[in-house]
Amino acid sequence: MKSKIIYTNSILIISLVFLSFSVANAQQNKKSEKNNKKQTMENQQGTNDYHKVVRVSPKASITETIGLTDVSVSYSRPGVKGRKIWGSLVPYDKVWRAGANEATKIIFSSDVWVEGKKLSAGSYSFFVIPKAKAWIVIFNKVADQWGAFEYNESEDALRLDITPQSRNFIEWLNYSFSDLKVNTHGKNSAVLNLNWEKVRLPIKIETEVK
């Protein structure tokens, strides 16, 4: 009987020792996993920092709420840098990305009217064909594309003729909103401007609040 008690106690002690070892091992593994994850994140951050470069044409974005509709423009900003822009760096009669790097992208949170023409809510790439007089403004259904290299006219959602205006010189291309008109019911509007060098291209955008 005494031997049986001793044997049972021995088994209990061994079990407790094994359990303690298992818990300690699990905690150590968890700590190691956490450290490994932290190291991986630090390595990835280091890699990301290593591959970061300063863009010659910096990224920019602007958003305006017209009525209840958010209009967002994402683009890159080329500089004049003493160059001839229109008819040279940006040729006439050719599709231009209306910025630099990726094609300029415009997002409408709901349906809009652009120069009186209806355009459905969604994301569009934005292109321009500069001309001697009226320019062609293009909203293309392929929202994400690089430059105008893969531009496909068959994907155009809307094309408009708009006459550019003269403005004071501006070194870095930018987009701005002006002429905001606010109504609690009915039409609301603003003008989206492409500004670069001595050119302003105004595009009227209207929304409706019912």
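Derivation of every value follows stated rules applied to the coordinates shown; laboratory data play no part. Just so it is clear, the model here is predicted, and its values are computed rather than measured. Cβ placement follows ideal geometry from the backbone for every residue including glycine, while neighbour counts extend to all protein chains displayed.
One table, with the values for the structure above:
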{"item": "Residue 206 vs. criteria touching a residue at least 40 places away in the same chain (Cβ under 8 Å), crowded, with 16+ Cβ neighbours inside 10 Å and acidic (Asp, Glu)", "result": "yes"}
{"item": "Residue satisfying all of: in the stretch 82-97; without any contact (Cβ under 8 Å) to a residue 12 or more places away in the chain and more than 13 Å from residue 199 (Cα to Cα); surrounded by the fewest Cβ atoms within 10 Å (Cβ to Cβ) among these", "result": "82"}
{"item": "Residue check, residue 168 outside any loop (DSSP other than H, G, I, E, B), farther than 18 Å from residue 97 by Cβ and of a type outside the set (A, V, I, L, M)", "result": "yes"}
{"item": "Hey, residue 144 among the charged types (D, E, K, R), assigned to a loop (DSSP other than H, G, I, E, B) and touching a Pro at 6+ places or on another chain (Cβ under 9 Å) or not", "result": "no"}
{"item": "Residue 178, sole failed condition from (1) farther than 14 Å from residue 75 by Cβ; (2) assigned to a loop (DSSP other than H, G, I, E, B)", "result": "(2)"}
